């Protein structure tokens, strides 16, 4: 089950980054996100699975769709994209990413960087009631960290970070509004962005 | 009344702040009201404090006012504390009273100047800092005032900064005094590290406990403080700045470069006398410096043509007398002379300023003459004021005769100085005011100029008779030797010989400069000496030239050498290296986003690789 | 259902991350670059959740929430930029936007 979901996620992602048409890519990306959400469920994290579906696959993707709609990318865009993406462009980045992947997988394979579950449980002084005891390791598969625990953690230990995240969102909102606003400009030449246009009515 | 002591430096400071902040928008009348008014209040307050201090003396004849602790570093916690005793009382009387009169005079003297408010702002600031200097109870606060008045002196010498030579004179004064101030700063550091305090009274106690008389540390500390005093009081060998400082307006010369700031060195030595007493070598040096200074400066004064330079050399010479007295541990005599001299020299500078205006900004005394009939007030105030200091000098000379380190020989040299003094003073007076009239005079001094002159001249004459320090409970000869007290009449008689010599000097001056037949041609300054010597004296013994050759020329040569050669090459190599590296690295700055992302990825690969391997 | 081994989950996360990186480096279209960044962020979030699940702690999920918040803000700004770029220089080719590299003077 886990492997199936993982393969779906990876294949969908691979397809998403290689599509020429942006809308197709988005559809594959949604598939990828949905499979990651399923992975979350399997990992015992139903809350973030829901969040993944709602926010990532829902809200953020809708933003993309809107923008693509506004940009009005048609078949000619696919042609242009084909020109921008010759096959040999994949070689260098592919190698680089392969090396990085190798480096990421190396410590996983020989286990040296991951402490065992038992010692970690000693180190954890958290009061969350769902922490399993050492006496019942077989219960681990049922151990689901639900929204309640996440909420308690979020609004106790990470309260300051939550507020900072609020600031970040506000800044994103203001920034997006400011940047995306259409300014009345006489000409939109390629070099025009270097010179801020100050020709207001005053 | 004594509790208002802290107001004393505050009043001129407030005046300074107001004039600085609003000076441009104020009318001249309100500038005078603030600038002179703050000084008038300070003067009245000082008189009140003096009366209170003398009629109901505080315990131990010392009044201390702790305002706040300046800062605290380890054990060192210098306070913003004022210390009033007879010595500082004498100084604040001179500063505020003479200062007030000079401010009053300036109100008329500077009337046509555009930067009226700036002038009074600087003057008020100066008075405030000078008061802090003399009232400070620790050397650090004293040093604050010390550097502050140095800065004001710089600002006021260069007051007419549009003329480059005035700015140069200001810089010279600042730099030359800096030599002394640096020595003094080192002295302060020495005292902090060795004795752990800067409180003046505490210093005296601890030093005499810790250091035996004549020990190396005591000599070093006293010598370094002496360095500061020598710079500030324009003594040999740092005297060269004072004649050039005459570039400032005359009231500035009167206040800063005659009456108050230049006496700060005298005050410093008198104040830290306990330290100097532990270093007899340094005291002897003080005496010799004073003696040499007063002789060389006096002889130079005889050969000047510029009226203000004569007075500048005269000031140096009179300060030399004060050092002379300090050197034989006769602080009272020094302070007595300081007070009389303040009145006398302020009068002369102010009158000289008036004369210069009257003759259309002519400085050369040989282009003046016969002004006595046109400007009688100036003549008579100068004449009477000029008599005052001879009487305070006789005290110094008597002390020298009786002191251990002095003796009849030094006394004789001092006496010769008195003779020279009367010659150059009355040479100026007779040349400018007697003889045939040479100038058109369309200008009469007004009341604001006349009144200060008359009061100051009176002060000088009265001071000669009553000896001000005696009035303040600071006996003129209190620190003198027992021999003097054993025979007060002999003391007085030996002193009074100086007065006789002075009178002889006046007579000689009269014969030389009024009656001499060559003199009217303006040729002969003092007869019977060679031209070469005359040039030597007129140029102030070539000190400027020597310093120029000894310091300025080598410094310039070194800097020229270093600018073109050697070390530059090293820097050039660094520049070339940086430029090459910059050219290489800026190639990576392509402006292409994907390139940067790849850079980040490669960096991540390398970092991870480094962790794994 | 056996508990999912941590190593394997992390391998999936690493693969997703590498794929995102390839996409970021290969594609010249700004929209695809943004999509690739989303993939990489998602992979990082996955790694957090895996770790949280491994130690039965809620912290991993909390971190994922922060990542998703950041991703939302970033996408909003990024897409606003895309719109502006499209109207200012009518292309989405990121290599055409290299004015910031500066002039050629030393």
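The values are calculated or read from the model by the stated rules, or taken from the named source; none is laboratory data. This structure is a prediction, so every number in the text was calculated from the model and none was measured. In this analysis, Cβ positions are derived from the backbone assuming ideal geometry, glycine residues included, and neighbour counts consider all displayed protein chains.
You will find that of A:149, A:141, A:163, A:194, the residue that is facing chain C (nearest Cβ under 7 Å) and either at pLDDT 75 or above or on the phi > 0 side of the Ramachandran plot (or both) is A:149 and no other.
Apart from one condition, residue B:1 fits all of (1) surrounded by fewer than 16 Cβ atoms within 10 Å (Cβ to Cβ); (2) free of Cβ contacts under 8 Å to residues at least 40 places away in the same chain; (3) more than 26 Å from the chain's Cα centre (by Cα); the exception is (2). Go through the residues of segment C:40-55 one by one and say whether even a single one is modelled with pLDDT of 90 or more and over 15 Å from residue A:36 (Cβ atoms). Among the residues of segment C:40-55, not one is modelled with pLDDT of 90 or more and over 15 Å from residue A:36 (Cβ atoms), which makes the answer no. Of everything in segment C:22-44, what is more than 8 Å from chain A (Cβ to nearest Cβ) and closer than 23 Å to residue A:53 by Cβ? Give them in sequence order. Result: C:37, C:40, C:41, C:43, C:44.
Residue C:13 passes every criterion in (1) more than 30 Å from residue A:79 (Cα to Cα); (2) within 7 Å of another protein chain (Cβ to nearest Cβ) apart from (2).
Results for (1) at pLDDT 80 or above; (2) over 20 Å from residue A:6 (Cβ atoms), shown as yes or no for each residue.
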{"position": "A:39", "(1), (2)": "yes, no"}
{"position": "A:44", "(1), (2)": "yes, no"}
{"position": "A:76", "(1), (2)": "no, yes"}
{"position": "A:105", "(1), (2)": "yes, no"}
{"position": "A:111", "(1), (2)": "no, no"}
{"position": "A:121", "(1), (2)": "no, yes"}
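From the list B:236, B:203, B:255, B:225, the lone residue that is at negative phi, crowded, with 20+ Cβ neighbours inside 10 Å and assigned to a loop (DSSP other than H, G, I, E, B) is B:236. Across segment C:83-93, a minimum of one residue is classified as within 11 Å of chain B (Cβ to nearest Cβ) and surrounded by fewer than 17 Cβ atoms within 10 Å (Cβ to Cβ). Take the conditions (1) out of contact with any strand residue (DSSP E or B) (no Cβ under 7 Å at 6 or more places or on another chain); (2) crowded, with 24+ Cβ neighbours inside 10 Å; (3) modelled with pLDDT of 90 or more; residue B:143 misses just one of them, which is (2). Checked against the criterion of being more than 14 Å from chain B (Cβ to nearest Cβ), within 25 Å of residue A:72 (Cβ to Cβ), modelled with pLDDT of 90 or more and touching a helix residue (DSSP H, G or I) at 6+ places or on another chain (Cβ under 8 Å), segment C:58-74 has at least one qualifying residue. For segment A:140-163, a residue qualifies if it is loosely packed, with under 13 Cβ neighbours inside 10 Å and assigned to a helix (DSSP H, G or I), and the qualifying residues are A:142, A:159, A:160, A:163. Is one or more of the residues making up segment B:593-608 closer than 30 Å to residue C:14 by Cβ and part of a loop (DSSP other than H, G, I, E, B)? No. Residue check: residue C:5 meets all listed conditions (1) away from chain B (no Cβ under 11 Å); (2) surrounded by 22 or more Cβ atoms within 10 Å (Cβ to Cβ); (3) under 26 Å from residue A:51 (Cβ atoms) but one, namely (2). The number of residues in segment B:433-470 being in contact with a helix residue (DSSP H, G or I) (Cβ under 6 Å, 6 or more places away or on another chain) and without any contact (Cβ under 8 Å) to a residue 40 or more places away in the chain comes to 0.
I need the full set of residues from segment A:35-47 which are at the interface with chain C (Cβ under 9 Å from one of its Cβ atoms) and more than 15 Å from the chain's Cα centre (by Cα), in order please. Reasoning before the result, please.
Pass one, segment A:35-47, residues at the interface with chain C (Cβ under 9 Å from one of its Cβ atoms): A:36, A:39-40, A:42-45, A:47.
A:42, A:43, A:44, A:45, A:47 - these are the residues of segment A:35-47 that are at the interface with chain C (Cβ under 9 Å from one of its Cβ atoms) and more than 15 Å from the chain's Cα centre (by Cα).
Number of residues in segment B:123-136 that are crowded, with 24+ Cβ neighbours inside 10 Å and farther than 17 Å from residue B:262 by Cβ: the value is 4.
To keep it simple, each residue is scored yes or no on (1) within 7 Å of chain C (Cβ to nearest Cβ); (2) under 14 Å from the mean Cα position of the chain (by Cα); (3) not in a helix (DSSP H, G or I).
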residue	(1), (2), (3)
A:9	yes, yes, no
A:20	no, no, yes
A:25	yes, no, no
A:33	yes, yes, no
A:49	no, yes, no
A:55	yes, yes, no
A:67	yes, no, no
